[in-house]
C-alpha cells in the first residue's frame, strides 16, 4: 500500500494522485469528518470486490456512495422523496448518510443488488476536494470487519485494510461513525444512530 501524507503536499497533487488511482481501478483510503474510509470507482466491480476482500466484509452489506454534493448523486438515483430533499438541504455536508431509491441500472454491485443506495456527503474539506477531483466513490469505513474504525489518532496503520493508496491527513474531526437514515418514504427512519442523535435529526428536519 502506497502512503501519502496530505500535509506534505499541495492539495492539487493529492487530488491528482487519488484520481489517477481510482481511474486505474485502484482502491484508496481517505479521511472524512467521522472516520477514515476506503473507496473506489462506483461501478468498477473488481475494485469493489477488492474492498470487500480487504475488509473481510459480508457480501450483503452495501457500500455508500460518497459525493461532493447532491448533484453527483443524480445519475445513481431513481427518485428523491421530499424527505430526502429536505434532509440533503438541512443535514449536508455532514455526518449523516441518506438512503434513497437507487436507479436499478446503476451501482448494482456496490449496492449488493438492493433497491436502495446510501448517499454520504462528508463535511471535510480535503475529502470533498478528492470527490470533486476523482468523482464519487463507493466506500465504507477503512477497518477490517468487526474491528474498531480508524480515526487517524493512532500512528499504528496495521489496523487499516489493504488498499492501493492511503491518504493520511491526521485525526478526523468527530472520531465517530456517521448516522444513517432512510428517506424512501414520507418520514425518515433511522438505520444506524451515529454521531448525530436521531432526536437532533428530527428537530432539524422539522418532523
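The values are calculated or read from the model by the stated rules, or taken from the named source; none is laboratory data. In this text the structure is predicted, and so the values were computed from the model without any measurement. Don't worry about glycine lacking a Cβ; one is built from the backbone with ideal geometry, like all the others, and counts go over all protein chains shown.
Structure data summary
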item	result
Those residues of the range 176-197 which are surrounded by 14 or more Cβ atoms within 10 Å (Cβ to Cβ) and either in a loop (DSSP other than H, G, I, E, B) or without any contact (Cβ under 8 Å) to a residue 40 or more places away in the chain (or both), in sequence order	176, 177, 178, 183, 184, 188, 190, 193, 194, 195, 196
Wholly enclosed strands (runs of 3 or more DSSP E) of the range 88-175 bearing at least 2 residues touching a residue at least 40 places away in the same chain (Cβ under 8 Å) and closer than 24 Å to residue 13 by Cα	137-141, 165-168
Residue in the range 67-87 that is farthest from residue 182 (Cα to Cα), counting only those that are part of a helix (DSSP H, G or I) and touching a residue at least 60 places away in the same chain (Cβ under 8 Å)	72
Any hit, the range 33-46, residues being modelled with pLDDT of 95 or more, at positive phi and outside any helix (DSSP H, G or I)	no
Count of the range 10-32 residues which are under 21 Å from residue 151 (Cα atoms) and assigned to a loop (DSSP other than H, G, I, E, B)	2
